[in-house]
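Notes to accompany the following structure.
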Amino acid sequence: MKKKLLISILLPIGVFLAYQGYIFTAASEDNINPIYLIPDDAVFIIDTERPIDTWDEISNNIIWKHLQKNTYFSEFTESLNTLDKTFKEKKKIIEFIGERDILISAHVYKPKSYGLFYTVDIQKLSKLRFLKNSIAKLAGNDYEVTKRIYKNFEITELYNKKERETLYIAFIKNQLIASYTHVLIENSIDQYQNPIIGRDVS
C-alpha cells in the first residue's frame, strides 16, 4: 500500500520535472531584444550587467555632480537629486535579480517625477512556469500580491505593506520587466506590440 502511494506521488513529480527539463534544454528559443520593450519616452537608457556598481560610478562622476550644481541647470537640480535618491532606494529590486544583462531607463511620467523601468534577460528561466508562479511566495507576508491582465499580458502587483508602494512585474518572452510605476509597464507592453525605439536606426 505504501509503495503504491509513493509511486502515485513520485510519478507525477517525475513527469513534471521531465517536461520542465525538456522545455529548459530542448525547446526552441523565442527571444526578444530588450530595446523593443523600452517605453519610447526614455530620458536615458543604461545597459549593464553590474547595475548597482554602474549607477554608483555615474552618481559619483564629476560630470553628474557638475550637472547637479551648475547654475545653468539649476531648475533641473531638484529632479536630478530626486532621480539619484530614487535609484538608490530601489537597489533591492536589482539585488533580487542578480548579475544579469539589465536595461534600466528613466522616464518622466508626470512633472518633476521620474520613474525607473527595468528589463532583465532571464533567458531560459522564462520558460519555467513555476518561477512565475513562485513570485507571490517569494514576496513573503510583508507583501500583498494581486494580478491583472493588460492586453493579454499578466501583470503581477506586489504591494509592500510597510513601504506602501507597489512593484509591478510582467514577463514578455525571455524578458522580465519591472517598475514601481504601473504606467511604464503598460507602455512597455504597448512598445512590444508596436515598437518605436527598437526600429529607430538613429
- Links exceeding 32 Å between C-alpha atoms in this model, out of Lys112/Lys147; Lys112/Lys162; Lys65/Lys110; Lys69/Lys151; Lys110/Lys161; Lys69/Lys147, come to Lys69/Lys151; Lys69/Lys147
- Note on the structure: Expected vector for the stretch 156-172, Karplus 3J(HN,Hα) from phi with 6.51, -1.76, 1.60 and θ = phi - 60°, integer Hz, x for Gly and Pro, equals 9, 10, 10, 8, 7, 5, 6, 7, 6, 9, 10, 9, 9, 10, 8, 10, 10
- Expected sort for 41-47, 187-193 on mean C-beta neighbours within 10 Å, highest first, is 187-193, 41-47
- Task: Would you mind computing, in nm to one decimal, how far apart the modelled labels at Tyr159 and Ile45 are, each placed 7 Å from Cα along Cα→Cβ?
- Result: 3.3 nm
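Just to make sure I understand: if all protein chains stay in place, what is the order of Arg148, Arg50, Arg164 by accessible area at 1.4 Å, largest first? Let's see the in-between values first.
Values: Arg148 65, Arg50 100, Arg164 190 Å².
I get Arg164, Arg50, Arg148, largest accessible area first.
The values are calculated or read from the model by the stated rules, or taken from the named source; none is laboratory data. Just so it is clear, the model here is predicted, and its values are computed rather than measured. Backbone-built Cβ (ideal geometry, glycine too); neighbour counts: all protein chains shown. These area figures cover heavy atoms from the full protein model, side chains too; ligands, DNA and RNA do not enter into them. Shrake-Rupley method; radii C 1.70, N 1.55, O 1.52, S 1.80 Å.
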